[in-house]
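Here the structure is laid out as structure tokens; the discussion comes afterwards.
No value in this document is a laboratory result; all are computed from the given coordinates. Quick caveat, the model's predicted, so the values are computed rather than measured. Glycine gets a Cβ as well: all are built from the backbone with ideal geometry, and neighbour counts include every protein chain shown.
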Amino acid sequence: MAESHQLRCVGCSTGIAGRAAGADFRCTICGQLYEVVYPWSAPTSSPDGRLPNASALRWLWQERRSSNQAIDQSGVWRFRDLLPILDRPADAVTLREGNTPLYDLPRAAASLGLHFLLAKHQGMNPTGSFKDTGMTAALSVAAERGYQWVACASTGNTSAAMAAYAARAGLRSLVLIPEGKIAWGKLSQAMDYGALTVQVKTDFDGCVHLLAEIIRRLPIYLLNSVNPYRLEGQKTPAFELVEQLDWQVPEHLIVPGGNLANGAALGKGFREMVQLGLIPRSPRISVVQAEGANPLYRAMRENGGHELHPVAAETRASAIRIGNPASWRKSVAMLRETGGWCEQANEQEIALAKAEIGAEGIGCEPASAVTLAGLKKFVAQGKIGSEERVVLFLTGHTLKDPEYTIDYHRNTLLRPYELTAASEPELAHHEALRRSPIVLDADADALLRTLDRHMHEARPLSV
Ligand code: F0G
């Protein structure tokens, strides 16, 4: 049977069969990462007629929405025509991931003077993060190829997703996480789904290093985002997004940056849609990092993205506390291709943006909120105008990291030195948004007095 796809090295362009990749998914010639290519998606080829045309695809994807088949209900496998990576797609390991909502953010839009600001909330996936879309793809490959064990190093969300999908498939999973540096929600998920969970006394980058040793010695399938099949699932929210917008393409998409695979995956999704004539162009995809974990931001400023110098990462947005991102070259290529920018946000800016998204009734985890913090900068820099359509990619659910939120509202999160650079309006906005819990005796009068005070207090909408 002809192979449905190949892996192509993004460094030296060498192509290999899907099953020929080594355990670390690195090119044996130049050491760079692979991406999945199909006959119709190689950079030089045009659609070769074997694929349904654009309007047939649109119709088919819409049609599958009313099906009761598991793979049709999945927001990833519904688009399986553009990720033919399985020999038997009907056996895909799915939790009905994807199908995430697109919410408007009217208050944030008003305060920024934007007419169109939406959030694609990937935290509404089955395990509460965007990782599910990639995990259904790569774990299905692992199951189809007969692996018994899968593993990842993680800042928490990948491990939660991997543990859940492995449990569904009846595979064993090994999770390496930095001890004391991941949010409780995520740690609890890995245990709940039955992973062998190892808290390693190092950071994320140290966990990656350690796991590299292990997969060299044992037949364990690596499910970090160096695995190119992960990105095939993670490109599908691009399809879903434009479908939700009636095939209109927004001008901007803003994503958080950690290990830097996700922006690249979405960029691939948009590129393939352009190649197939589904859309005329890609949005500009911009990446925002936490200031304390900003190696890509530095690389783009200092040398245009030619070289990346790892940093010792430190941020409360623990999902993106990554100093040596594996997919930085893919991310730089995506920024160049789509004309996107890279920004950073400090701890105060992240906390404020997270509270603002929460106050819209949506909520997200701190790492997701860097998107709004970055957007404010793009608007202030005059890079994004009021008529342009912006979509923020919210990557994780607010319940992933309740401790952060509680500390914020109790005003024990930020240290005074972190507030020194904040503007007066920002400080006032923190003040207005904070909702510390009130402890009262079980007394109706006391409750009425409290309520009365709050009923007369004006609540400013935005900075
Ligand atoms: N947002 C959240 C909530 C994440 O969990 C991650 C990455 C990112 C953004 C960044 O995405 O790595 O593709 O640039 N979390 C990984 C993990 C590293 O282990 O869960 P990226």
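Observations on the structure shown:
- Rg(Cα) / (2.2 N^0.38 Å) computed for the chain, rounded to two decimals: 0.97
- Using just its DSSP H runs of length 4 or more, each adding -39500 (n - 2.57), the chain gives a mean residue ellipticity at 222 nm of -12000 deg cm²/dmol after division by all residues.
- Degrees, to the nearest 10: 157-169 long Cα axis against longest axis of the chain: 50
- Amide proton proximity set for residue 313, modelled H, under 5 Å, gap of 5+: 323
- Mean Cβ count within 10 Å, highest first, over the residues of peptides 340-353, 417-430, 15-28: 340-353, 15-28, 417-430
- Residue-wise HN-Hα coupling along segment 19-33, computed from phi with Karplus coefficients 6.51, -1.76, 1.60 (Hz; x: Gly, Pro): 7, 8, 5, x, 4, 9, 6, 10, 4, 6, 8, 10, x, 7, 8
- Counting only Cα atoms, segment 1-133 measures 51, 36, 32 Å along its principal axes, largest extent leading.
- Burial ordering of 387, 240, fewest other beta-carbon atoms within 10 Å first: 387, 240
- Under 5 Å, built H, 5+ apart or other chain: amide partners of residue 193: none
- Here the average projected area of the convex hull drawn through the C-alpha atoms of segment 102-179 stands at 6.8 nm².
- Here the Karplus curve 6.51 cos²θ - 1.76 cosθ + 1.60, taken at θ = phi - 60°, turns the phi angles of segment 342-349 into couplings of 10, 10, 9, 9, 7, 4, 5, 5 Hz, with x standing for Gly and Pro.
- Straightening the chain between residue 216 and residue 445 buys 75.7 nm, computed as 0.36 nm per residue apart minus the Cα-Cα spacing.
- Taking the average, over residues, of other Cβ atoms within 10 Å as the packing measure, peptides 246-256, 62-72, 447-457 rank 246-256, 62-72, 447-457 from highest down.
- Take the Cα of residue 67, step 7 Å toward its Cβ, do the same at residue 199, and the gap between the two points is 4.4 nm.
- A protection proxy built from the mean count of other Cβ atoms within 10 Å ranks the segments 31-39, 283-291, 130-138, most packed first, as 130-138, 283-291, 31-39.
- Set of lysines near residue 377 by C-alpha distance (under 19 Å), chain-local residues within fewer than 8 positions excluded: 354
- Magnitude of the charge dipole, the chain, Cβ model with Lys/Arg +1 and Asp/Glu -1, debye to 20: 1080
- For residue 150, the residues 5 or more places off, or on other chains, whose built amide H falls under 5 Å of its own are 172, 173, 174, 221.
- Order of 328, 77, 149 - criterion: other Cβ atoms within 10 Å of each residue's Cβ, fewest first: 149, 328, 77
- Inverse mean reciprocal Cα-Cα distance (Kirkwood Rh) of segment 220-347, Å: 14.9
- When each of 197, 412, 100 is scored by the number of other beta-carbon atoms lying within 10 Å, the sequence from fewest to most is 412, 197, 100.
- Per-residue ³J(HN,Hα) for segment 195-208, Karplus 6.51 cos²θ - 1.76 cosθ + 1.60, θ = phi - 60°, Hz, x for Gly and Pro: 6, 7, 9, 10, 8, 9, 7, 7, 9, 4, 4, x, 5, 4
- When each of 120/181; 181/383; 330/376; 201/268 is checked by Cα-Cα distance, pairs over 30 Å: 181/383; 201/268
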